[in-house]
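**Student:** Handing you a structure now.
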4 protein chains.
Amino acid sequence: MSLRHKTQRVVFFGDSITEQGAKPGGYIPRMKEALTQKGLANDYDLIGAGVGGNKVYDLYLRMDDDVLAQNPDIVFIYIGVNDVWHKTSFGTGTDIDKFEKFYTAIINKLLDKHIRLILCSPAVIGEKNDFTNQQDGDLNGYSQVIRNLAQKFHCGLVDLREIFHTYELKNNPGNKAFGILTLDRVHLNDAGNQLVADKMLEALLAK
Amino acid sequence: MSLRHKTQRVVFFGDSITEQGAKPGGYIPRMKEALTQKGLANDYDLIGAGVGGNKVYDLYLRMDDDVLAQNPDIVFIYIGVNDVWHKTSFGTGTDIDKFEKFYTAIINKLLDKHIRLILCSPAVIGEKNDFTNQQDGDLNGYSQVIRNLAQKFHCGLVDLREIFHTYELKNNPGNKAFGILTLDRVHLNDAGNQLVADKMLEALLAK
Amino acid sequence: MSLRHKTQRVVFFGDSITEQGAKPGGYIPRMKEALTQKGLANDYDLIGAGVGGNKVYDLYLRMDDDVLAQNPDIVFIYIGVNDVWHKTSFGTGTDIDKFEKFYTAIINKLLDKHIRLILCSPAVIGEKNDFTNQQDGDLNGYSQVIRNLAQKFHCGLVDLREIFHTYELKNNPGNKAFGILTLDRVHLNDAGNQLVADKMLEALLAK
Amino acid sequence: MSLRHKTQRVVFFGDSITEQGAKPGGYIPRMKEALTQKGLANDYDLIGAGVGGNKVYDLYLRMDDDVLAQNPDIVFIYIGVNDVWHKTSFGTGTDIDKFEKFYTAIINKLLDKHIRLILCSPAVIGEKNDFTNQQDGDLNGYSQVIRNLAQKFHCGLVDLREIFHTYELKNNPGNKAFGILTLDRVHLNDAGNQLVADKMLEALLAK
């Protein structure tokens, strides 16, 4: 049976959310567990490649060292929160057109290597469900860029922006800014990690 | 008949949108025209007090000179766009809690003089109707502050944020960033000035 | 002798640097100690009124409650770091002309109460001594505003910006960003608290 | 004689200052004129490649199309103003460490093609000569990065930051913000274009 397929190497390429997602309790170990329960433990090797504070051009700059050097079959790209957030926290966010340019450059280089790509939209900076979080406009806009790129390049898509919004409408009646899916408005709590794990697994196993 | 009431002095206190709204074609002349058509030309004296680039604390600083010195009976307060916009265009926007504090200080001082107040929420920075304009999150949040203040202090409210959004959903099928109600994403075109004039007049004449 | 003068009430009005300066080891206890050694313990009552994150308009908003309610004879005003810093850390710094307006409003109100004022320029955000710290331009500019106000209104001046720069040129040969007078580029370490205490005491006792 | 050397192709790679510098009256035509006067008109072909609003990573993204496609022998790199300025004008400046990374990537790629490089530090955003222009700290810091890169990679250097500062100290006794070497605090007037032309020519002809 093992002759029929090799273990697929899956790299999770992103920022601090991915960095934390690779730790115990994070969405990557949760995906491993789910794969084991499905008897697929040997089919996929899940590899975290998240670095705190990363924006799209940081991914671009370290793509060779941190992704291609791993010889991946599949790459999840989960970026965008800092591109938006750093506009007001450091004055060094990423213009939306440059976001698209660097994202496109990453996609092109990885597709050239025949890597299967699954793009993720940035989930939340603040969990209020009525679009009153400061960065909601930009997060909606940058997510739209990612949706368009997924369609244009025939990549998979885990639309976390949409998934989280739907979840918050149902499960955040008090319109809280954090504590439903995040610890601190951005980084995932247990429920957030489980939701991301479920949706990423679904995308990974979809064909 | 004219013995029964004096002319009401109405000051429009705001930023560049109000400054331009006082010019020919702006919403203030449009309101005058509508009052004339209703035979109410002598009942209201409409006075523009808008200054380009103003934020809530600019209103606070010039309130004595530009509003109280006019002995107004009624004041429209229309502020908030620059408090949000200047965060990324100059790095000098207004924190939402300070926005509320200065707005409250203005309300308190004007109510002390028994002036009738009508608050306006900030309409738009970009006319896209799916909450993908960069500042939509903040505009929604700051508008909510203004709605709460109107309720708390029993002021009138012209909820331009809501009014414009409803209008854009109906009349902006192409999801354009400007050209429907604004010239440039912020400042009003003819249709925008007419819409604001209609809604402000409604609020002025409501009791 | 004690009949000839009452204890002078001295309020230190500022941001987190002043808030921390009121704690054990801070410049305010160090000034008390120095006054005691000079036999002046009963001549001055030193009162901290610093709040973390404050900008000039925060001082303005809480001046009645936190300063005038103390019936001070003398007020040190030490503000400006956050007015500059928050431009890039939150997008909500203070425009230099508004900084001057609110600072002037504070001075006018306190001088009306015949309070003796001693103004302090903002020391540092980063201790590098060759003007390569990100905010050096703005700190120099805002300090110049304060120097001009001190002269215009005949207030005392503790020019911490100049004092720190001179100190760094002598004592920071490695051009470090922190660790000479600050813990973290902004907040004072022991040497910083001592330097501020020395210079403020000098200004307090000058006539 | 023409057998002994071919015409050297010189590309000026930069932002709006370079874009304007290629126009009549700009520093590039001024350099051509000076070369003609020296009898060197046929030795150098000067080619403008400036695009308004560019930051270091914009140069990186268009390097193949706009520089390498020109087969240059020599490239002047003149970038950095927008990397600093956009921090507060759009919230999308470039972090200093990323500035260095992308600058280094550009240098490496051009040196691989055996192109002679001459780096320029960013001159001014505001001409006040006492380091009170808002961005002076950052401009000093980013210029230091460029000086270090020039040394590390054995590139030529036109240290416009230093050259302009020296000029302003002599020729701007009124400490004006613009009008000495710039039209508007940033873009060069006649004197500015001539100064840049003189210094770049000096560097071009130096060996």
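The values are calculated or read from the model by the stated rules, or taken from the named source; none is laboratory data. Only a predicted model underlies this, so the values are computations on that prediction, with no experimental measurement involved. A quick note on method: Cβ atoms are made from the backbone with ideal geometry, for glycine too, and the neighbour counts reach across all protein chains shown. The protein model used for the area step is the full one, side chains on, heavy atoms only, and it has no ligands, DNA or RNA in it. Shrake-Rupley method; radii C 1.70, N 1.55, O 1.52, S 1.80 Å.
**Student:** Here is a list of conditions, (1) within 11 Å of another protein chain (Cβ to nearest Cβ); (2) part of a helix (DSSP H, G or I), and D:ASP130 meets all of them except one; can you say which number that is?
**Tutor:** Answer for D:ASP130: the failing condition is (2).
**Student:** Which one of these is open to solvent by less than 10 Å² (accessible area, probe 1.4 Å) and out of contact with any Cys (no Cβ under 7 Å at 6 or more places or on another chain): D:THR92, D:THR88?
**Tutor:** D:THR92
**Student:** Quick check on this structure: which one of B:LEU160, B:LEU181 is open to solvent by less than 10 Å² (accessible area, probe 1.4 Å) and either modelled with pLDDT under 95 or under 20 Å from A:THR132 (Cβ atoms) (or both)?
**Tutor:** None of the others qualify; the one that does is B:LEU160.
**Student:** When the residues of the stretch A:100-125 are narrowed to those that are buried (at least 21 other Cβ atoms within 10 Å of the Cβ) and not aliphatic (A, V, I, L, M), which ends up nearest to the other protein chains (Cβ to nearest Cβ)?
**Tutor:** Checking each candidate, the answer is A:PHE102.
**Student:** Just a yes or no: is a residue in the stretch D:34-52 within 12 Å of another protein chain (Cβ to nearest Cβ) and at pLDDT 95 or above?
**Tutor:** Within the stretch D:34-52 (the criterion being within 12 Å of another protein chain (Cβ to nearest Cβ) and at pLDDT 95 or above), the answer is no, since none of the residues qualifies.
**Student:** Mind counting the residues in the stretch C:184-201 that are open to solvent by less than 60 Å² (accessible area, probe 1.4 Å) and polar (S, T, N, Q)?
**Tutor:** Qualifying residue count for the region: 2.
**Student:** Before we move on, is C:GLN135 out of contact with any strand residue (DSSP E or B) (no Cβ under 9 Å at 6 or more places or on another chain), open to solvent by 30 Å² or more (accessible area, probe 1.4 Å) and within 14 Å of chain D (Cβ to nearest Cβ)?
**Tutor:** So C:GLN135 does not fit the description; no.
**Student:** Any residue at all in the stretch C:140-147 that's crowded, with 24+ Cβ neighbours inside 10 Å, within 12 Å of chain D (Cβ to nearest Cβ) and under 23 Å from B:TRP85 (Cβ atoms)?
**Tutor:** So far as the stretch C:140-147 goes, yes, one or more of its residues are crowded, with 24+ Cβ neighbours inside 10 Å, within 12 Å of chain D (Cβ to nearest Cβ) and under 23 Å from B:TRP85 (Cβ atoms).
**Student:** Across the stretch A:3-28, what is the total count of residues that are open to solvent by 40 Å² or more (accessible area, probe 1.4 Å) and under 30 Å from A:TRP85 (Cα atoms)?
**Tutor:** 5
**Student:** Only one of these conditions is not met by D:CYS155: (1) touching a helix residue (DSSP H, G or I) at 6+ places or on another chain (Cβ under 6 Å); (2) surrounded by 16 or more Cβ atoms within 10 Å (Cβ to Cβ); (3) not charged (D, E, K, R). Which number is it?
**Tutor:** Every condition holds for D:CYS155 apart from (1).
**Student:** OK, next. Anything in the stretch A:71-85 that is away from chain D (no Cβ under 14 Å) and open to solvent by 60 Å² or more (accessible area, probe 1.4 Å)? List them, or say none.
**Tutor:** A:ASN71
**Student:** Return a yes/no flag: does the stretch A:37-50 have any residue that is closer than 30 Å to D:HIS86 by Cα and of a type in the set (Gly, Ala, Ser).
**Tutor:** yes
**Student:** So which residues in the stretch B:193-207 are in a helix (DSSP H, G or I) and over 20 Å from B:ASN54 (Cα atoms), if there are any at all?
**Tutor:** Hits for the stretch B:193-207 are B:GLN194, B:LEU195, B:ALA197, B:ASP198, B:LYS199, B:MET200, B:LEU201, B:GLU202, B:ALA203, B:LEU204, B:LEU205.
**Student:** Which of the residues that make up the stretch A:141-185 are assigned to a helix (DSSP H, G or I) and without any contact (Cβ under 8 Å) to a residue 24 or more places away in the chain?
**Tutor:** Listed by number, the residues that qualify are A:GLN144, A:ASN148, A:GLN151, A:LYS152, A:THR166, A:LYS170, A:ASN171.
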